[in-house]
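Right, one structure below, let's go through it.
The values are calculated or read from the model by the stated rules, or taken from the named source; none is laboratory data. Not measured: the values here are computed from a predicted model. Note that we place each Cβ from the backbone using ideal geometry, even for glycine, and neighbour counts take in every protein chain shown. Side chains included, ligands, DNA and RNA excluded: accessible areas come from the protein's heavy atoms. Shrake-Rupley method; radii C 1.70, N 1.55, O 1.52, S 1.80 Å.
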Amino acid sequence: MARISGIEVPDQKRVEAGLVYIKGIGPNLSKKVLGKAKVDLNTRVRDLTEQNIADINSAISSMKIPVEGELRRIVAQNIRRLQDIKSYRGMRH
């Protein structure tokens with residue numbers, strides 16, 4: 001399994017679909033990341049070279065996409081902020 005942004009991506013998937021396993025990256029963003037990294041969308045994850053994986057990781061970081069832990073922290077902060085200001089959206093029942 002390839003490790004991209006700290007997440008194990010399944011080997012049998014196409015790279016385009018495999019990146020969706022990373023929280024914060026959807027189908028559209030996956031295509032943009034692979035375009036910037038110059039990796040073919042139809043390549044299987046098991047066929048990626050170390051250079052391809054490095055290119056994908058650098059494309060994600062250069063696009064400043066919050067993924068996984070950072071994204072979870074941002075969402076938690078937003079929920080906490082709404083609860084602190086007693087917004088209806090941030091209230092628990």
Practice item. Give D40, D11, D55 a once-over and let me know the one that is crowded, with 16+ Cβ neighbours inside 10 Å and either part of a helix (DSSP H, G or I) or in contact (Cβ under 8 Å) with a residue 24 or more places away in the chain (or both). Key: D55
Practice item. Taking the residues in the range 43-52 that are touching a residue at least 40 places away in the same chain (Cβ under 8 Å) and in a helix (DSSP H, G or I) as candidates, determine which candidate is least open to solvent (accessible area, probe 1.4 Å). Key: V45
Check your understanding: From the list V45, V20, V67, which residue is in contact with a strand residue (DSSP E or B) (Cβ under 7 Å, 6 or more places away or on another chain), aliphatic (A, V, I, L, M) and under 23 Å from M1 (Cα atoms)?
Key -> V45
**Study point:** Search result, residues across the range 18-37 that are in a helix (DSSP H, G or I) and buried (at least 17 other Cβ atoms within 10 Å of the Cβ)
**Key:** G18, L19, L29, S30, V33, L34, A37
Revision key, fill the gap. Over the range 76-92, the set of residues among the hydrophobic types (A, V, I, L, M, F, W, C) and surrounded by 12 or more Cβ atoms within 10 Å (Cβ to Cβ) is I79, L82
**Study point:** Scope the range 25-52; condition among the polar types (S, T, N, Q) and under 16 Å from K13 (Cα atoms); matching residues
**Key:** S30, N42, T43, T49, N52
